Amino acid sequence: MNTKTISLSLASALALAGCSTMDGAEPRELAMANLSNSSGQPVGTATLVDYGTSRAMRVMVTGIPAGPHGFHLHTTGTCTPPDFQSAGGHLNPEDNEHGRLNPDGKHLGDLLNIDVPASGTLTTEVPVDGTPDYLMEELFDADGTAVMIHSGADDYRTNPSGDAGSRIACGVLTRA
Ligand SMILES: [Cu+2]
Ligand SMILES: [Zn+2]
């Protein structure tokens, strides 16, 4: 290895180290919800994680029927079983229509479906749009925000709810 190669390698290493520090590569938890099913039993957690350049909702669930499930943020942070209608519609501060495949969509609360395997246990992450400041302002408005899992898949298109079926698990977000 000649001197030029060595100095380039060192420069790259420093650049990478600098990058990770500036990005805040240490994931930071912003908010968290304990999820319960319609019988009031705990089924897992949802945690909003800030990766510096992006945000994600980390989902850890168990005892959920296998298959794809609509997964949303709902506008009111109240989870009253068994139907969880208390949580209102999707979190939608920009007054859009529902669905990421809808040309007039999407709601801030429209997250990707989660696909639960036969075991009923899943750990995954789905992206969440918006800066940390914007998200914290909207999530922790006067009436808070709920995280919801539905019985069926969100079709990402049908207004206002994606035709995702009943609400099977709900949790109120709190600041982490
Ligand atoms: Cu929903
Ligand atoms: Zn929606």
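The values are calculated or read from the model by the stated rules, or taken from the named source; none is laboratory data. Because the structure is a prediction, the values reported are computed rather than measured. Here Cβ is always computed from backbone atoms with ideal geometry, including for glycine, and neighbour counts include all displayed protein chains. Surface accessibility is based on the protein's heavy atoms, side chains included, excluding ligands, DNA and RNA. Shrake-Rupley method; radii C 1.70, N 1.55, O 1.52, S 1.80 Å.
Results for (1) under 12 Å from Ile168 (Cα atoms); (2) in contact (Cβ under 8 Å) with a residue 60 or more places away in the chain, shown as yes or no for each residue.
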site: Pro27; (1), (2): no, no
site: Val49; (1), (2): no, yes
site: Thr53; (1), (2): no, no
site: Ala56; (1), (2): no, yes
site: Gly77; (1), (2): no, yes
site: Pro81; (1), (2): yes, yes
site: Gly88; (1), (2): no, no
site: Glu94; (1), (2): no, no
site: Gly105; (1), (2): no, no
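Just one of the listed residues (Gly130, Gly63, Gly171, Gly67) is within 15 Å of ligand 2 (Cβ to nearest atom) and surrounded by 14 or more Cβ atoms within 10 Å (Cβ to Cβ), namely Gly130.
Among residues of region 154-176 that are over 23 Å from Glu137 (Cα atoms) and part of a strand (DSSP E or B), those with a beta-carbon under 6 Å from a residue that is open to solvent by 10 Å² or more (accessible area, probe 1.4 Å) and of a type in the set (Gly, Ala, Ser) at least six positions away or on a different chain give the pairs Ile168/Ser151. Within region 92-112, how many residues turn out to be crowded, with 21+ Cβ neighbours inside 10 Å and not basic (Lys, Arg)? Qualifying residue count, region 92-112: 8.
When each of Ser86, Ser166 is tested for being within 11 Å of ligand 1 (Cβ to nearest atom), open to solvent by 10 Å² or more (accessible area, probe 1.4 Å), in contact with a Ser or Thr (Cβ under 9 Å, 6 or more places away or on another chain) and at pLDDT 95 or above, the lone residue that passes is Ser166.
For region 113-127, how many residues are under 18 Å from the mean Cα position of the chain (by Cα) and open to solvent by less than 50 Å² (accessible area, probe 1.4 Å)?
The first filter runs over region 113-127 and keeps only residues under 18 Å from the mean Cα position of the chain (by Cα), leaving 113-116, 121-127.
Cutting the leftovers down to open to solvent by less than 50 Å² (accessible area, probe 1.4 Å) gives us 113-114, 116, 122, 124, 126.
Final tally of qualifying residues: 6.
Out of the residues in region 142-163 that are within 12 Å of ligand 1 (Cβ to nearest atom) and of a type in the set (Asp, Glu), which is least open to solvent (accessible area, probe 1.4 Å)? Ranking the qualifying residues of region 142-163, first place goes to Asp154.
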